[in-house]
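What follows is a set of notes on a single structure, which appears directly below.
The values are calculated or read from the model by the stated rules, or taken from the named source; none is laboratory data. Just so we're clear, the structure is a prediction, and the values are computed from it rather than from any experiment. Here the Cβ is made from the backbone with ideal geometry for all residues, glycine too, and neighbour counts use every protein chain on show.
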């Protein structure tokens with residue numbers, strides 16, 4: 001655990017140097033990558049550790065984005081609005097978890113998939129509060145230059161990544177993480193041996209919601225304008241799963257690695273295929289599932305030098 | 001009197017919903033695979049009917065006869081080539097696989113047909129049928145009857161034909177069926193083909209009522225899922241009852257809460273059913 005924490009600190013310190021490059025492009029890319037990192041790590045709590053195929057990421061992201069935006073609309077300072085968004089996602093995850101986590105397998109997956117649609121519909125019809133389909137404008141932050149703004153949101157996302165990573169590391173090595181892995185392997189057996197499965201699952205679900213909610217709020221402040229189809233996009237849920245699958249589910253650095261790799265693919269490949277953007281993503285998913293269901297990091301175990309260290 | 005009309009509308013809608021859900025439920029029940037592609041298959045069937053009618057003058061109801069074998073072949077090939085390899089994998093992987101395939105198909109449709117909503121208009125129109133206070137457009141009525149007939153045909157196939165009994169046997173006990181000489185891989189592929197056929201054939205029928213666009217695929221998928229949960233997984237009568245029930249609930253919901261809350265209403269219904277009666281209204285083991 002100490003080794004992982006040390007590696008992470010060095011890694012984050014290196015990433016923190018990015019704004020000094022002075023390139024707006026790298027800064028924007030870096031902020032998106034950090035956001036993907038938060039999303040992937042968050043999904044790992046419920047999907048990687050507990051083995052529940054959750055598609056609720058988009059719901060938490062949108063909920064957080066709108067909570068933060070509406071809070072800012074009513075004059076709350078940015079930091080407080082982000083906290084509100086996290087709390088809203090946390091409470092929503094708790095309520096939803098109690099209802100949905102009784103379901104298993106496909107039932108849970110699809111029910112969690114529909115949640116984002118429902119929230120989108122509700123936000124769409126609550127025009128007075130959320131602007132409905134017209135979207136919602138956020139106050140422009142009072143920072144001197146555009147460069148300073150970009151750097152500010154980069155560090156905000158980096159801070160969120162660090163918090164999420166710390167939470168994930170602590171969970172992995174705690175009783176909660178142990179219980180979640182038991183649930184993944186055999187829920188009935190875990191239940192019989194005295195693991196409070198409902199409590200553990202709901203906790204994991206809440207952890208998978210709170211940071212995504214905050215990331216949504218930071219995103220909303222960052223881009224100044226949100227609309228329902230943008231922040232309740234089901235692709236957020238799918239991307240989270242793909243990133244974790246890329247990096248390898250259940251491992252500590254897997255989700256971050258997957259997020260970085262995924263964004264690189266997105267930038268390098270898809271910019272060239274604007275028309276068939278989602279089609280190429282689909283192809284990537286199919287290939288990934290067929291040939292590398294355990295993630296790219298699993299490849300490294302097959303290399304000769306990797307075996308010697310074990 | 002208004003209520004009678006709403007009830008009739010709901011039943012017409014529900015008949016079509018039964019047809020959507022029957023194939024989805026079959027694949028889910030027998031293969032334990034959620035076919036995310038189902039919604040896009042329906043839309044593709046709709047386009048087949050639209051362009052068949054506009055370009056070639058084939059009546060939409062007749063285009064079902066073309067759609068059925070095409071979609072069966074497509075589904076069979078897809079299952080044989082891709083999904084059969086993953087059949088024993090965890091739920092997350094099969095789900096993600098069909099999701100990836102769906103992204104490809106819906107993107108292809110978006111590129112080929114654009115996101116424009118197209119409406120199939122019969123010329124000349126079939127007119128309306130007035131039954132006392134209830135007024136029904138004839139095209140919708142015929143579409144519903146055809147949908148119910150297709151669903152009934154699936155039921156007969158499963159309960160009477162040799163391959164149908166093999167499908168039911170595989171659903172009940174895969175190992176035992178294999179020991180009795182059933183070619184399980186082939187049965188899986190045929191099941192998936194039948195599911196695709198039901199989706200592709202319901203496309204032209206839905207095109208009589210709803211506009212066609214690649215964006216509507218997920219809506220149909222969501223409805224199929226809700227109906228499966230409502231009626232109970234893995235029975236054609238269940239899908240039929242669930243479909244009719246959802247149709248009626250939706251049309252009364254539209255009256256009382258407004259049509260913009262359709263998804264929320266289905267979701268609430270879904271959660272209530274899952275919590276109160278998780279096996280569905282007609283749920284039981286075995287595919288009948």
Output for the stretch B:63-75, where each listed residue is within 23 Å of residue A:279 (Cβ to Cβ) and surrounded by fewer than 23 Cβ atoms within 10 Å (Cβ to Cβ) = B:70, B:73, B:74
Tell me which residues, restricted to the stretch B:116-133, are modelled with pLDDT of 85 or more and surrounded by fewer than 16 Cβ atoms within 10 Å (Cβ to Cβ).
-> B:116, B:117, B:119
With the condition kept exactly as written, say whether any residue in the stretch A:80-98 is at the interface with another protein chain (Cβ under 10 Å from one of its Cβ atoms), free of Cβ contacts under 8 Å to residues at least 40 places away in the same chain and either at negative phi or surrounded by 15 or more Cβ atoms within 10 Å (Cβ to Cβ) (or both).
-> no
Out of A:164, A:198, A:144, A:172, sole residue that is out of contact with any helix residue (DSSP H, G or I) (no Cβ under 7 Å at 6 or more places or on another chain) and under 30 Å from residue A:75 (Cβ atoms) | A:144
Is it true that residue A:244 is out of contact with any strand residue (DSSP E or B) (no Cβ under 9 Å at 6 or more places or on another chain) and within 14 Å of another protein chain (Cβ to nearest Cβ)?
-> yes
Only one residue in B:110, B:141 is surrounded by fewer than 21 Cβ atoms within 10 Å (Cβ to Cβ), within 11 Å of chain A (Cβ to nearest Cβ), in contact (Cβ under 8 Å) with a residue 24 or more places away in the chain and part of a helix (DSSP H, G or I), so which one is that?
-> B:110
In the stretch B:113-138, what count of residues is obtained for those that are without any contact (Cβ under 8 Å) to a residue 12 or more places away in the chain and within 14 Å of another protein chain (Cβ to nearest Cβ)?
-> 1
Over the stretch A:111-125, the set of residues modelled with pLDDT of 85 or more and more than 7 Å from every other protein chain (Cβ to nearest Cβ) is A:112, A:115, A:116, A:119, A:120, A:123, A:124
Which one of the conditions (1) in a loop (DSSP other than H, G, I, E, B); (2) within 25 Å of residue A:64 (Cβ to Cβ) does residue A:266 fail to meet, given that it meets all the rest?
-> (1)
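This table checks each residue for (1) within 14 Å of another protein chain (Cβ to nearest Cβ); (2) at pLDDT 90 or above; (3) buried (at least 21 other Cβ atoms within 10 Å of the Cβ).
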{"residue": "B:11", "(1), (2), (3)": "no, yes, no"}
{"residue": "B:25", "(1), (2), (3)": "yes, yes, yes"}
{"residue": "B:28", "(1), (2), (3)": "yes, no, yes"}
{"residue": "B:45", "(1), (2), (3)": "no, yes, yes"}
{"residue": "B:83", "(1), (2), (3)": "yes, no, yes"}
{"residue": "B:94", "(1), (2), (3)": "yes, no, yes"}
{"residue": "B:101", "(1), (2), (3)": "yes, yes, yes"}
